[in-house]
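Shown next, in structure tokens, is the structure this report addresses.
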Amino acid sequence: FLQMASAFALFPSLAMAAEKRSPVVDTHVHCFAGTADKRFPYHKEGPYQPEKPSTPEGLLDCMKQADVDFAVIVHPEPYQDDHRYLEHCLDVGQGKLKGTCLFFAGRPNGIREMTALVKRQQNKIVTLRIHAYAADRLPPFGKPELRELWKVASDLGLAIQLHFEPRFAPGFEPLIQEFSKTKVIIDHLGRPMQGTVEEHGRIVKWSRFENTVMKLSSIPESNSDSKREVGPIMSQLVKAFGPDRLIY
């Protein structure tokens, strides 16, 4: 310690260099207004409705305490394609927060509204999130409506963020290949515990597509029923995608 202190006293530039670090970004945060805030009601088709708020002000305070520089607010499903609360969060964020958007293929005005949101919140909307896990809420796989949504998002400079059960992976694969310049973020390890080894193995093999990025998030408990441990799955994904295509 004394040697370092002496060195910094003699060479202040060393102290400046020591202070520099890579920025820390939390890549997956949800914010909710809660049920009491009538300005931002939950959508009637939302699958759940958190009662307690999780505000951008609270998020910024947590980030400050944890030395996190930036965060991506993943627009949550309770709001569906109503992005008013997300926009509120981005305004409060003062440059520290960015967001994902949620629009649905084939719905009237969806593409127009997505385009308007991205232009209105310039450089703050970074991905379009697509869900495929509830049988009654699947995207129209193989249909032109899904391709059009994917293409417009790509043209707007957005990444595609996929949250899905492994059994639905084949429906996304043609678009990942066709739009090879568009980054594709795979949420939550590709949900390995919600599929068979073979089904999730197909997602692991997506590492051959250079535009795919694996997100190590929502780490599941080991599945006692199938005797599958999450540790080997994590190791497999790290080996397959490599450090340059992993986020957490």
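The values are calculated or read from the model by the stated rules, or taken from the named source; none is laboratory data. Quick caveat, the model's predicted, so the values are computed rather than measured. So basically every Cβ, Gly included, is an ideal-geometry build from the backbone, and we count neighbours across all protein chains shown. Just so you know, the surface numbers come from the protein's heavy atoms only, side chains and all, with ligands and any DNA or RNA stripped out. Shrake-Rupley method; radii C 1.70, N 1.55, O 1.52, S 1.80 Å.
Scanning segment 207-222 for residues that are touching a Ser or Thr at 6+ places or on another chain (Cβ under 8 Å), among the hydrophobic types (A, V, I, L, M, F, W, C) and under 13 Å from LEU246 (Cβ atoms) gives a single hit, MET214.
Taking the criterion of being in contact with a Lys or Arg (Cβ under 9 Å, 6 or more places away or on another chain) and either hydroxyl-bearing (Ser, Thr, Tyr) or surrounded by fewer than 19 Cβ atoms within 10 Å (Cβ to Cβ) (or both), the residues of segment 133-164 that qualify are TYR133, GLU145, SER154, LEU156, ALA159.
Residues in segment 202-239 that are open to solvent by less than 20 Å² (accessible area, probe 1.4 Å) and either more than 19 Å from ASP26 (Cα to Cα) or among the acidic types (Asp, Glu) (or both): ILE203, VAL204, TRP206, ASN211, ILE233, LEU237. Whenever a residue of segment 196-210 is under 12 Å from PRO170 (Cα atoms), its partners that are open to solvent by 100 Å² or more (accessible area, probe 1.4 Å) and of a type outside the set (Phe, Trp, Tyr), lying with C-beta atoms within less than 9 angstrom and at least six residues away or across chains, give the pairs GLU199/ARG167. Looking across segment 8-45, the residues that are open to solvent by 50 Å² or more (accessible area, probe 1.4 Å), at pLDDT 85 or above and over 30 Å from TYR248 (Cβ atoms) come down to THR35, ALA36, LYS38, ARG39, PRO41, LYS44, GLU45. The set of residues in segment 46-66 being open to solvent by less than 40 Å² (accessible area, probe 1.4 Å), touching a strand residue (DSSP E or B) at 6+ places or on another chain (Cβ under 9 Å) and either part of a loop (DSSP other than H, G, I, E, B) or modelled with pLDDT under 95 (or both) consists of PRO50 alone.
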